[in-house]
Amino acid sequence: MKFKDLLETPWPPNTVLTCVEEPWEESYLAPGMKCVFLGAIEDMNCVLVSVYVDPFMEHNVPLEPSDWYDNKGQPCLTASEAGRYPKDGKETFYLDFDDDTTKFFRPDVSKWWETYQKEKQSGDTNLPYVAWLEEKLERSST
């Protein structure tokens with residue numbers, strides 16, 4: 001899946017992502033860290049991705065690399081030590097339309113999302129994800 005695909009078919013709300021590679025040089029996120037996907041919009045010919053890291057602070061802080069500079073110019077501080085923890089726990093960053101999402105993130109998605117993606121790709125549905133889930137729920141309760 002490319003980041004441009006997130007504009008049409010985003011991950012489900014509150015999808016937990018595991019960072020594979022930091023998305024940009026000054027990103028808080030580092031490999032192994034977790035975040036919640038908030039959304040993606042087109043902006044300046046790129047995809048602006050928003051994530052929320054606060055729910056995983058306890059998991060993420062020990063994974064912070066010591067690559068922020070101290071007052072002596074040495075890269076020895078973590079993001080938290082350097083005061084670079086994301087304000088309000090939210091981080092946004094730009095990625096290219098054609099970047100593969102798996103280069104940066106691994107979504108922890110449910111079997112429902114995977115089934116929805118297969119049906120969407122095969123043309124068996126054109127519904128948005130939540131409407132598709134509601135349809136499945138209705139069918140199962142009748």
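The values are calculated or read from the model by the stated rules, or taken from the named source; none is laboratory data. On a predicted model such as this, the values are computed, not experimentally measured, just so you know. Here Cβ is always computed from backbone atoms with ideal geometry, including for glycine, and neighbour counts include all displayed protein chains.
Applying the set (1) over 15 Å from the mean Cα position of the chain (by Cα); (2) assigned by TED's automatic domain parsing to the domain that holds Pro10; (3) surrounded by 13 or more Cβ atoms within 10 Å (Cβ to Cβ); (4) within 24 Å of Pro10 (Cα to Cα) to Lys120 leaves exactly one unmet item: (2). Among the residues of the stretch 22-42, those identified as more than 12 Å from the chain's Cα centre (by Cα) and part of a strand (DSSP E or B) are Ile41, Glu42. Of everything in the stretch 63-98, what is of a type in the set (S, T, N, Q) and in a strand (DSSP E or B)? Give them in sequence order. Hit for the stretch 63-98 is Thr92, nothing else. Per the listing Thr78, Thr125, Thr101, the residue uniquely surrounded by 13 or more Cβ atoms within 10 Å (Cβ to Cβ) and without any contact (Cβ under 8 Å) to a residue 12 or more places away in the chain is Thr125. Considered as a group, the residues in the stretch 99-117 that are in a loop (DSSP other than H, G, I, E, B) and not hydrophobic (A, V, I, L, M, F, W, C) include one that is farthest from the chain's Cα centre (by Cα), and that residue is Ser110.
Kindly check whether there is at least one residue in the stretch 62-76 that is in contact with a Gly (Cβ under 8 Å, 6 or more places away or on another chain), more than 19 Å from Leu38 (Cα to Cα) and modelled with pLDDT of 90 or more. Yes, some residue in the stretch 62-76 is in contact with a Gly (Cβ under 8 Å, 6 or more places away or on another chain), more than 19 Å from Leu38 (Cα to Cα) and modelled with pLDDT of 90 or more.
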